[in-house]
Amino acid sequence: MKEKCLSLLGQRGVTMEDLIELVMFLQRDYIEEIDEEEIREDIYEILDKREVYHSVFTGIAIDKAVEEDLLFDAGLNEVIHHDEGLYGVDEVLAYGICNLYGSIALTNFGYVDKVKPGIIGRLNDDTNYCHTFLDDIVGAIVASAASKLAHTHIRKVDI
Ligand code: MG
């Protein structure tokens, strides 16, 4: 399923390299030598989880339906298309992904949502398409991968 997920992300302008770049951005201050291949494997593993790919597919399905004005309510279609400030359903769908990867994923998700680095900023600025759900989905995937990486490399102290 991870290949189908990556292919769908690719159709919406998000590549594996974009995701890796953001994970490196999040973790470079904490890990001395970051191995891109390790990040790639972590992202594959995340995208292979049922809860994750269901969120990815659902978020992109809504974005695409909004682009084609297919929602039954024109007002709702407009709210999502313009990513109104108080419409938070996109974040809620995405942080369901972070909940699987613990508190570091959640804090990183909030951080990239605020700073909008790399592909997240580009999706946010792209007025030709609706990426209201996708920018948060991408944020959640990279935040989860950053959390996985942090937990692998942390100095372990048993309690
Ligand atoms: Mg959004």
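Read the figures in this text as sums done on the coordinates, not as results from a lab. Nothing here was measured: the structure is a model prediction, and the numbers come from that model. Don't worry about glycine lacking a Cβ; one is built from the backbone with ideal geometry, like all the others, and counts go over all protein chains shown.
Treating only the Cβ of Lys, Arg, Asp and Glu as charged (+1, +1, -1, -1), what charge dipole size does the chain show about its Cα centre? Round to the nearest 20 debye.
Details: 14 positive and 32 negative charges, 81 e Å.
The calculated dipole for the chain is roughly 380 debye.
Is there a pair in Lys4/Lys148; Lys64/Lys148; Lys114/Lys148; Lys2/Lys64; Lys4/Lys114; Lys64/Lys116 whose C-alpha atoms are over 25 Å apart, and which pairs would that be?
Details: Lys4/Lys148 22 Å; Lys64/Lys148 30 Å; Lys114/Lys148 21 Å; Lys2/Lys64 20 Å; Lys4/Lys114 29 Å; Lys64/Lys116 21 Å.
In this structure, Lys64/Lys148; Lys4/Lys114 exceed 25 Å between Cα atoms.
Using only Cα atoms, tell me the angle between helix 2-11 and the longest principal axis of the chain; keep it within 0 to 90° and round to the nearest 10.
50 degrees
Can you list the chymotrypsin sites (Phe, Trp or Tyr not before Pro) in the stretch 54-96 that are in a DSSP coil and have 16 or fewer other beta carbons within 10 angstrom?
Working: sites: Phe57, Phe72, Tyr87, Tyr95; in loops: Phe72, Tyr87.
Loop-located and lightly packed - Phe72, Tyr87.
Quick one: if you stick a label point 7 Å off each Cα along the C-beta vector at Leu86 and Lys4, how many nm between them?
3.8 nm
Spin-label point model (7 Å from Cα, Cβ direction): what's the Arg50 to Leu71 distance in nm?
Label-label distance for Arg50 and Leu71, simple model: 2.9 nm.
Along the Cα-to-Cβ line of Glu32, 7 Å from the Cα, sits a label point; which residues in the stretch 122-159 have backbone N less than 19 Å from it?
Zone members listed by number: 149-157.
If I model a spin label as a point 7 Å beyond the Cα along the Cα-Cβ vector, how far apart are those points for Lys156 and Tyr111 in nm?
It works out to 2.4 nm between the two label points.
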